[in-house]
1. Could you work out how much longer the chain between LEU6 and ASP89 gets when fully extended? Use 0.36 nm per residue separation minus the Cα distance between them, nm to one decimal.
2. When 1/r is averaged over all different Cα pairs and the result inverted, which Kirkwood radius in Å belongs to the chain?
3. Would you mind calculating the gained length between GLU137 and ASN13 on full extension (0.36 nm times residue separation, minus the Cα-Cα distance), in nm to one decimal?
4. Keeping all protein chains in position, work out how much accessible area LYS15 exposes to a 1.4 Å probe, and write it in Å² to the nearest 10.
5. Could you sort the peptides 150-158, 77-85 by per-residue average Cβ neighbour count (10 Å cutoff), highest mean leading?
6. So what's the back-of-envelope 222 nm ellipticity for the chain, counting only DSSP H runs of four-plus at -39500 (n - 2.57) apiece and dividing by all residues, rounded to 500?
7. Which value in nm describes the separation of the simple spin-label points at LYS58 and ASN73, placed 7 Å from the Cα toward the beta carbon?
8. Given a Förster radius of 30 Å and the C-beta distance between SER32 and ILE109 as r, what FRET efficiency does 1/(1 + (r/R0)^6) yield to the nearest 0.05?
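The values are calculated or read from the model by the stated rules, or taken from the named source; none is laboratory data. Computed from a prediction, not measured in an experiment: that's the story for all the values here. All Cβ positions, even for glycine, are placed from backbone atoms using ideal geometry, and neighbour counts span all protein chains on display. Side chains are part of the model used for accessible areas, which takes the heavy atoms of the whole protein and leaves out ligands, DNA and RNA. Shrake-Rupley method; radii C 1.70, N 1.55, O 1.52, S 1.80 Å.
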Amino acid sequence: MTQENLVRFEFRNIKKNEAEQTAEIERICFPSNEACTPEMMYLRVEKAPEMFLVAVDKATGKIAGFINGLSTNETVLRDEFFQNADLYDPAGENVMILGVDVLPEYRRIGLASEMMECYKNRERQNGRKRLILTCLESKVAMYRKMGYEDNGMSVSSWGGEQWHEMTCKLGKGIPEAIAKTALELG
């Protein structure tokens, strides 16, 4: 984590009263055919707040970006994960990442990468085996830099798009300092 972003942002789990903020950020970050509906965002926050990671701008107290997902024992990200929060299994060994959102004014400072690294470390500490996400062709290289492998075209056609499915395997054993940071976030 860069020292500048560590000082500027607080990385933590979402609070239930922040569901409206995340729904609005999702609306800004994704086209309407791809975005999570406000109702579904509220439901995800209600059912699985520990599966969110938010980056809060310390100067404003507002969320600058967030990641949300659902843990499961399934190994393929299918469209139903975007529509049904009941697929959440708190003991699941995999995490289906359903959104990586960063407001436009906070882009290009490494915030998404830092959130992803923090999320990976936290979920590794939680005993997860892999993170799975889908992305458009234009984002494949970005996720490769973050440690994800391209599995080719996804079975998901969420929003009428063609997606690549990307997987990040979470190996065992992380440095103690990283583990401590991940635990503090959890």
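1. 26.8 nm
2. Every distinct Cα pair counted, the radius reaches 16.4 Å.
3. Residue separation times 0.36 nm, minus the Cα-Cα distance, leaves 41.7 nm.
4. 110
5. Answer by packing, highest mean first, reads 77-85, 150-158.
6. Calculated mean residue ellipticity at 222 nm is -9500 deg cm²/dmol.
7. Taking the two extended label points, one gets 4.2 nm.
8. Computed FRET efficiency for SER32 and ILE109 comes out at 0.65.
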